[in-house]
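The structure appears right after this line, and notes come after that.
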Amino acid sequence: MRLAQRAPIPLDATLHCAPGETHALVGPSGSGKTTILRCIAGLHGAREGRIACDGAVWYDAAARIDVPPQARSAGLVFQHYALFPHLSAQANVEAALGHLPVRDRAARAIALLARVHLTGLEARKPAQLSGGQQQRVAVARALARDPQVLLLDEPFAAVDRVTRQKLYRELTALRRSLALPIVLVTHDLDEAAMLSDRMTILHRGRTLQTGTPRELMTRPADPLVARLVDMKNVFEARVVTAAPGTTGVAWNGTLLEVAGVPRFAVGARVCFGLPVTGVLLHRRDRPSRGEHENPVDGTVAECLEIGEDMHMGMRVDGAPALLWLKVPVHVAQRNRIAAGETIRVSLLADALHLMPWRDLARDVPA
Amino acid sequence: MDWTAFGLSLQLAAWTVAVLLPLGLAVARLLAWHPFAGRRWVEAALALPLVLPPTVLGFYLLVAFGGNSPLGRVFEALTGHTLTFSFAGLLLASVIFNLPFAIQPMQRAFEAIPTDVRAAAACCGMPPWRIFTRIEFTLAWPGILSAMVLTFVHTLGEFGVVLMVGGSIPGETRTIAIAIYDRVQAFDNAGAATMAAVLLVLSFIAIAAAYGTARPRDIHVG
């Protein structure tokens, strides 16, 4: 799929999703995720572009091909499910079974509802179902046409956390049984990382980077992607040495060693990113293993206990922003770490990731 | 009781509803879902019968239907009768002065259907006619029914426009509202009271039935 237009919603997007793959489209609100999904379903036409599925061209602006949604084999689960409020769960599913003989529709709808664990609730109308049950009806309806692609538009946004966890497990089981491409739109990075095989980061209608969740989280293509995947540690530096297998960068008066094939010339201005898990806290009572690896001293400025982890913002003299790391809460307690305490950390050379320079004040996502 | 006038009123109301139902559905859907330049002017024009004095509207319709107007001349050439002071002219006037009563409730009902519900119907493979009958019409039914009832009872009770365009020709243009007026003019208050009571009860029952049947459904999407 390739789409481009300037107005009304700017788009410059490319997406490829293989059969059996779950591909997450991730980006902040207003980045064009839903618009792309609607383009694939045939509910919106971009000015330029081409959409093909399993060899069939659904949209080609240059060739003036625009197959209507009715003729596209796409199952779409809407953000708020868009169930037909006056029809029962079974009738909602039957509404998408127009391609079957009338006598076969009821049995097929009941089987689809059973597949999403809604046996016994066939006669209920959407208003009589919980949010999670409504979502399941929407999934059953989307699968009813035996689609060639399944499109999920923020399908977990309207349910509570407990239900969401349950639905995650159900979707994971469902996708194993389906050999079709699934495109999942979400603004939740954790959700995307958990459910998808590959992710595409979208910003202002433009696809910035595609890769596995781990690649995107640890090896963003540039500082903007790093910000969008919520990489907290992104700083500016300058390349000072380049040797096989390692690059030396000067950051804030400290020489940092970055592992990997050098990609930037000596003297180049770069940015580097570092996941919070790539910052190793040294113990106070005895030297830590690897304490000679890019050691940095600083003062704890912020401590945030989130679940079982303590997220700490460390102020390094001269650095324009805090350096973030996380440790288990019990480790923080054992080391008596609190705001104002001085600590030493190592920035792991394997985790440091160099990127082309970009003004970090630009394009800061909301 | 002038049963001829009463029958003519029922006939006029039924025909007005029959004409305005398809016309109103088409216009209401257009206004609800298809924004276009100048929509506000179209909506304002359609709402005019609500605020214009019936005599003003009746006067313009009289001029527009008259023998000197293009419409009046074409009608006369085709049928051999004048459009004014005829049942056909009365029906056309009735359709025009009922436009807001038919279109506005339908438009609001269509506007209340979430866009995604219609999109979902298309994604389910339903052809447009089936989306209309199975989804849109059913969900908009309370508004459509209200529009039909309002149009019907408003036609029964309309006086000013009917008098201006149709006059008071027994069996042709004298509706029950005109008949009541004629009775009062003739100092037959008892006759007028009977017909007024019939009109009152009929209108009340129709509106109450519509309210009962067309109570908004619990439309809950998401």
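The values are calculated or read from the model by the stated rules, or taken from the named source; none is laboratory data. Just so it is clear, the structure is predicted and the values come from calculations on it, not from any experiment. When we count neighbours, we look across all protein chains shown, and the Cβ atoms used for this are built from the backbone with ideal geometry, even at glycine.
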Suppose we filter A:A351, A:A332 for residues that are closer than 20 Å to A:P223 by Cβ, surrounded by 12 or more Cβ atoms within 10 Å (Cβ to Cβ), hydrophobic (A, V, I, L, M, F, W, C) and in the same structural domain as A:V239 (by TED's automatic domain parsing); which single one remains?
A:A351
Could you list all residues from the range A:225-243 that are under 11 Å from A:C271 (Cβ atoms) and charged (D, E, K, R)?
A:R227, A:E236, A:R238
Sole exception among (1) touching a helix residue (DSSP H, G or I) at 6+ places or on another chain (Cβ under 8 Å); (2) assigned to a helix (DSSP H, G or I); (3) more than 19 Å from B:Q107 (Cα to Cα); (4) not aromatic (F, W, Y) for B:I205, by number
(1)
From the options A:G273, A:G298, A:G260, A:G267, residue that is at pLDDT 90 or above and under 18 Å from A:T218 (Cβ atoms)
A:G273
Within the range B:151-198, can you find the residues that are under 29 Å from B:G67 (Cα atoms) and of a type in the set (D, E)?
B:E158, B:E172, B:D182
Pairs needed: first member in the range A:299-319, on the phi > 0 side of the Ramachandran plot; second member anywhere, in a loop (DSSP other than H, G, I, E, B); C-beta distance under 6 Å; at least 6 residues apart or different chains.
A:G318/A:N252
Check off (1) touching a residue at least 24 places away in the same chain (Cβ under 8 Å); (2) at positive phi; (3) small (G, A, S); (4) away from chain B (no Cβ under 12 Å) for A:G55 and give me the number that stays unchecked.
(1)
Which listed residue is free of Cβ contacts under 8 Å to residues at least 60 places away in the same chain and either within 14 Å of chain B (Cβ to nearest Cβ) or under 30 Å from A:D230 (Cα atoms) (or both), from A:R47, A:R72, A:R103
A:R72
When you check B:V117 against the structure, is it over 30 Å from A:T34 (Cβ atoms) and either within 14 Å of chain A (Cβ to nearest Cβ) or aliphatic (A, V, I, L, M) (or both), yes or no?
no
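Conditions tested, residue by residue: (1) within 13 Å of another protein chain (Cβ to nearest Cβ); (2) of a type in the set (V, I, T); (3) buried (at least 17 other Cβ atoms within 10 Å of the Cβ).
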{"residue": "B:I131", "(1), (2), (3)": "yes, yes, yes"}
{"residue": "B:V149", "(1), (2), (3)": "no, yes, yes"}
{"residue": "B:F159", "(1), (2), (3)": "no, no, no"}
{"residue": "B:L163", "(1), (2), (3)": "no, no, yes"}
{"residue": "B:G166", "(1), (2), (3)": "no, no, yes"}
{"residue": "B:P170", "(1), (2), (3)": "no, no, no"}
{"residue": "B:A177", "(1), (2), (3)": "no, no, yes"}
Restrict the check to the range A:65-84 and report whether at least one residue is crowded, with 20+ Cβ neighbours inside 10 Å, farther than 18 Å from A:L150 by Cα and modelled with pLDDT of 95 or more.
yes
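Just checking, which of A:L83, A:L87 is within 14 Å of another protein chain (Cβ to nearest Cβ) and touching a Pro at 6+ places or on another chain (Cβ under 6 Å)? Outline the logic, then answer.
Values: A:L87 fails: touching a Pro at 6+ places or on another chain (Cβ under 6 Å).
Of A:L83, A:L87, the one residue that is within 14 Å of another protein chain (Cβ to nearest Cβ) and touching a Pro at 6+ places or on another chain (Cβ under 6 Å) is A:L83.
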